[in-house]
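Below: one structure, written as structure tokens.
Values in this text are rule-based calculations from the coordinates and carry no lab data. The model shown is predicted, which means the values in this text are computed figures rather than measured ones. When we count neighbours, we look across all protein chains shown, and the Cβ atoms used for this are built from the backbone with ideal geometry, even at glycine.
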Amino acid sequence: MNDPVSAPPVIALLPEDAPFTRDQRAWLNGFFAGLLTQVAARTAAAVAPKLKVPVIYASQTGTAESLSRKLAKEARVKGFDSQPQELGSLTLEVLAQMKHAIIIASTHGEGDPPDSALIFAMQLEAAHSPKLAGLKYAVLALGDRTYSKFCHFGKLLDERFAELGATRLLDRIEADNSVDEPFRAFRERLWPELKKAAPGVGPVVSASETTHDLDDDPQERWTREQPFAATLRSKEVLSAVDSDKEVRHIVLSLAGSELHYEPGDALGVWPRNAPDLVDRVLAICTIARDTVVALGDTTLTAAEALSARVEIAKLSISTVIKFAAIAKDAELHSLVQPERSADLEHYLYGRDAIDLLARAPSAIPDAQALIDLLPPLAPRLYSISSSLAAHPEEVHLTVSVLRHTRDARARGGVASTDFADRVDIQGTIPVYVHRNPRFRLPTDPGVPLIMIGPGTGIAPFRSFLWQRKAQHFTGRAWLFFGDRHAHKDFLYRKELDAFLDDGTLTRLDTAFSRDQETKIYVQDRMRVASAELWQWIRDGASIYVCGDATRMAKDVDVALQQVFIDQGKLSEAKAKLEVRTLGATGRYMRDVY
Ligand code: NAP
């Protein structure tokens, strides 16, 4: 007899006179009952409110934003109610109302939050009581290991959220320039945790929708993983022969690619390491060029891996840590301790793989160990300096060629020397567009522009100006440009003069730092023009800064605050808040690193 408590209800779905034996009928009734239970569960899942899981991003150059769009999409496919949302659009109070939040946060410059998140960061710092007790969260922190405050903002969010009473769904994951692997690991750990929070959630769309490669935007034909081989048309040197710098105007053909970019976007370039550096690395480790090594799912020769797949022209902290352990190098081991980060930064500066390997080449037993030691080669991003409206099927870059000598050995930047020395005219180089939606011309063409871009920081502004000229925009535009010497380093001088003549550019203020005894920088020119700058800002101008993040962008930020203090008669704290608000509302945009 059936136990009346634990036995499942027997549902007779088939009529008694159906042409089946008693056993067949019992089996079929069981089968249909099971089927109905599954359908009911699916229907319940479909009508039950889905778990809300916003993907909140803090992005400076668009990477965190693009990852958050991909993650939110995957979350929707998995049955969650998920949308990307900018951290800067939230307050702590709004966040406190949320039950779940996935955070993807970039750090830029010296451990700074992205501009759009500066006000949120101020609020977070000031908060005391545990406000976030109802929140469960996970943080993916993006950063660049060459900076000592690696992933600082992501860490800050993660730690402060916990202090304010929120619960971590999983340990923070930190990603360096190559985000693919950490992004994959983050997703792999995230879904089971969210599933625990919402056990009923299952895929509510067809499985085929989940098979998109989330690392590639299906809208884009050419991507980081599948770049377009652009043809080099020219690489004219812009700086004078007697300049200390070598800045080149690179013109690449995009013919046949249908690649599209907007002013403000960057071009991702996959460079190859210099052949002589590859040869030296092979020689010092006594490895034959054609030794086969494994990298991910593929096998290739050691020479090919060193040329195009791993970083050898600069050192990363993780490589030094690994090598210190393999080589039992006490000096290096001491150098990588957290309290010696300044010494480590000093050691890494300008050094390459040879400098490290030369300490103990025999510590590397074979080619595979060498490849495993080195980080993957990352593409280089350059601000685009052309406009498709003015330069159809072309993309232009303004590239400073990095060269220096150390220990009697010539060294250089990977991509910049590739353009200058190794890619011939009509040769090709793999490229893709890196979107930068946070650095855009205003949609209203009448909005005045204030652009501050010393050195190669002028690149996106050349793109802006060509775009405005091609589209006959009428708004005012003001450029602050600076470099070392007017007669050697005045990039695009003729073009800028022509823009002034035809009204594309309203005003040009230059700061040539080394043309007089006392240095003059763009921010000094801003101070002199404080009253006019204030007027432009009051007229609704958008302010853009591009170039060096460590010193220039910080000093320009202070100069801008000073305009608010002097002209707006604001206190220092109020001026800072006003400038942060300009950043949060998209009127003060910075593309700096
Ligand atoms: P640079 O080294 O920045 O020098 C350009 C001018 O800026 C020089 O006259 C220099 O003067 C001056 N300068 C130095 N310190 C300054 C400060 N604190 N404030 C204002 N000006 C200062 O030029 P570059 O070699 O062309 O390099 C440009 C920088 O921008 C690089 O760091 C590059 O990586 C970066 N960049 C970033 C982006 C981006 O984020 N998308 C795009 C392009 C370039 P002195 O040398 O005489 O002191």
Assigning unit charges at the beta carbon (Lys, Arg +1; Asp, Glu -1) and nothing else, what dipole magnitude in debye, to the nearest 20, does the chain show about its Cα centre? 880 debye
Hey, rough spin-label estimate for Ile321 and Arg403, points 7 angstrom out along Cα→Cβ, what's it come to in nanometres? 3.6 nm
Ala133 versus Asp444: modelled label distance in nm, points set 7 Å from Cα along the beta carbon direction: 4.5 nm
Taking square-rooted eigenvalues a ≥ b ≥ c of the alpha carbon gyration tensor, is segment 275-373 rounded, prolate or oblate, where a/c under 1.5 means rounded and, failing that, a/b exceeding b/c means prolate? prolate
Would you mind ranking Val592, Val77 so that the residue whose beta carbon has the fewest other beta carbons within 10 Å leads the list? Val77, Val592
Nearest 0.05, what FRET efficiency do Ser89 and Asp421 give at R0 = 35 Å with Cβ-Cβ as r? 0.15
Mean-position separation - Cα centroids, segment 149-197 and segment 370-418, in angstrom: 31 Å
Those chymotrypsin sites (Phe, Trp or Tyr not before Pro) from segment 329-403 that are DSSP loop and have at most 13 other Cβ neighbours within 10 Å turn out to be Tyr349
Measure nothing fancy, just the Cα-based angle from helix 459-470's long axis to the longest principal axis of the chain, in degrees from 0 to 90, nearest 10. 90 degrees
Amide H neighbours of Ala175 under 5 Å, at least 5 residues apart or on other chains, H built in the peptide plane: list them. Ala141, Leu142, Gly143
Length-normalised contact order of the chain in % [C-alpha pairs under 8 Å, at least 6 apart]: 13 percent
Considering only the chain, what is the antiparallel percent among its DSSP beta bridges, to the nearest 5? 50 percent
Using a 10 Å cut-off around each Cβ, can you sort Thr319, Thr298, Thr398 from fewest to most neighbouring Cβ atoms? Thr298, Thr319, Thr398
Segment 480-548 and segment 233-264 have their Cα centres apart by a whole-number Å value of 22 Å
Fewest first, what order do Val310, Val558 take by the number of other Cβ atoms within 10 Å? Val558, Val310
A student applying the Cα gyration tensor rule (rounded when a/c is under 1.5; otherwise prolate if a/b is larger than b/c, oblate if not) would label segment 483-548 oblate
Trypsin sites (Lys or Arg not before Pro) within segment 358-433: DSSP coil, no more than 15 neighbouring Cβ in 10 Å: Arg359
0 to 90° range, to nearest 10: angle between helix 493-502 axis and the chain longest Cα axis: 80 degrees
Fully extended, how many nm does the chain gain between Glu188 and Arg221 (0.36 nm per residue separation, minus their Cα-Cα distance)? 9.2 nm
Straight-line reach only, C-alpha to C-alpha below 17 angstrom: list the lysines that Lys195 could link to, leaving out same-chain residues fewer than 8 apart. Lys50, Lys52, Lys73, Lys78, Lys99, Lys136
Across the chain, where is the longest run that never hits GluC sites (Glu not before Pro) in a DSSP loop with at most 11 other C-beta atoms within 10 Å? 259-516
Restricting to DSSP H runs of at least four residues, report the calculated mean residue ellipticity at 222 nm for the chain, -39500 (n - 2.57) per run over all residues, nearest 500 deg cm²/dmol. -10500 deg cm²/dmol
Helix 317-326 versus the longest principal axis of the chain: what angle, 0 to 90°, nearest 10, using Cα atoms? 70 degrees
Suppose R0 equals 60 Å; then what is the FRET efficiency for Val237 and Lys196 from their Cβ-Cβ distance, rounded to the nearest 0.05? 0.50
Shape verdict for segment 449-592, please, from the Cα gyration tensor: rounded (a/c under 1.5), prolate (a/b greater than b/c) or oblate. oblate
